[in-house]
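Here's the structure we're looking at; comments come further down.
Every number here is computed from the coordinates shown, using simple stated rules; none is lab data. The model shown is predicted, which means the values in this text are computed figures rather than measured ones. Backbone-built Cβ (ideal geometry, glycine too); neighbour counts: all protein chains shown.
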Amino acid sequence: MSLEDTISTFSTPVGESGIGIVRMSGERSFSIAKKIFRSPQGKKIDWTSSFRTHYGWIVDPEAEKPVDEVLLTLMRAPKTYTREDIVEINCHGGPIPLRKSLELTLKFGARLAEPGEFTKRAFLKGRIDLSQAESVLDIVQAKTEKDLEIAVHQLKGDLSGKIDGIKKKMVDLLSYLEAEIDFSYEDIVLPTSQEKESQLKQILRMIDSLLEIGKTSRIYRQGLKTVIIGKSNVGKSSLLNALLQKERAIVSRSPGTTRDTIEEMIIIKGFPLWIIDTAGLREVESQVEKEAVRRTRSKIEEANITLLMVDGSCPLGREDESIFRKIEKKKTLVVINKVDLPQKVDQERIRYFFPRQQMVEISATQEINLAQLKEEIANFALKEATLPTSNPLIITLRQQCALELTKQNVNRALGGLRKKFSEELIALDLKEGISRLGEITGEVVTDEILDQIFSHFCIGK
């Protein structure tokens, strides 16, 4: 990969649609466009202009054969996405005109762009930092409006500003330490040990705040795991189908129909929720059923929310109470199913195991009180994912690791200060921490990190 190359690829999915876009970026973009674009009646185009759109045709210049009727948009560096010259060809949205137009750009000097290469160039040319580049992918992959809102905040530089604030305080403290090292015999006023300790504690609080915000907001990207649990034939699969509004799970009166966990995502009041249907928890003999029960127990351990389903038309049995004991310490919402039938369940006995948990009575097959159930699930989700109103952020795993390593450096510096270690050793920990923060914004970066990040991007972004 070379920044000197002019790159070209599709910027829209290939398929039948209203329009399809071929995008070029690089110093040869305009010269390539001149070779393959023809304006109607030979109308003269001002190729020095920027942010102008021209009507015309893409033509194979060797045969003067028209390929497609297009709109050609010219964007001059440096005020572009990549800070390079960019040309966008708006074709009819069919695979053939798109492919032929792309082939002509490649034939006359462009190279096929790699995944994420446009955004990578925007980073390498200094238009955005690395955390902003990662937020571009977050925007593309956003599953909910809240997820999109958080990613847009990050693209605007909110995370970068937080990181810069932490780094500034570390650099300020480091400068005092280095002044003590270099000018130990000079009569200058420097912070006391107590003041240095106070500064380090403040830095730790800022890092912890970011990590906590990131942990909470990741729920909007990854979703909460909501597992439906209960004995066989209480209506778990019917509830899954009702929540999804489609026949996803097989429903049968025969117990043990669900042998494997089934996971589907739904959006409830802005929260992405993984709804997981499980096999019933019961004593089984066959190896297949034993494996199904093992997987159910595994999903219970992973779940953020447990929907405990009870058959309201039947008295509680030993199997029900055995399940109650297994999950009574989990975050549980009790769902009494089959309220359309005569009720025989002892709700007081259920409350003995779950005295503070909310209880919702529904009919999964008749869709009775499903709206109330969704409301309660959303309330549970809010408890897990209450975001600050001003600066919600998504912290990626890479960024989280860098922040946690920075925190270790600051904690070591604090420990060294309390043990009266030399300024050189304390300064060394601060320098390493500052370098870790630089990995988040891209001031300190390796080819391996860049390849890892941009390999997740789609072609054309």
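Ordering LYS79, LYS146 from the fewest to the most neighbouring beta carbons within 10 Å gives LYS79, LYS146.
P(r) tail, segment 357-461: Cα-Cα pairs separated by more than 24 Å, 58% of all pairs. What separates the Cα centres of segment 2-20 and segment 264-279 is a distance of 34 Å.
Spacing of the modelled spin labels on ASP451 and ASP46, each 7 Å from Cα toward Cβ, amounts to 4.6 nm.
Here the ratio of the Cα radius of gyration of segment 52-125 to 2.2 N^0.38 Å is 1.19. The peptide list 330-340, 444-454, 163-173, put in order of mean Cβ contacts within 10 Å with the highest first, becomes 330-340, 163-173, 444-454. Extent along the principal axes, Cα only, for segment 1-99: 32, 31, 24 Å, with the longest axis given first. The stretch between LYS201 and ARG418, if pulled fully straight at 0.36 nm per residue, gains 76.9 nm over its current Cα-Cα span. Diffusion coefficient of the chain by Stokes-Einstein, Kirkwood radius over Cα pairs, 4 °C, 1.567 mPa s: 48 µm²/s. Classified by the C-alpha gyration tensor, segment 101-223 has an oblate form. Its axis ratio a/c, with a ≥ b ≥ c, is 1.5 or above, and a/b does not exceed b/c.
Peptide packing: for 416-427, 26-37, the average count of neighbouring Cβ atoms within 10 Å per residue gives the ranking 26-37, 416-427, highest mean first. Of the residues THR332, LEU200, ILE7, the one whose Cα sits farthest toward the positive end of the charge dipole of the chain, with +1 on the Cβ of Lys and Arg and -1 on the Cβ of Asp and Glu, is THR332.
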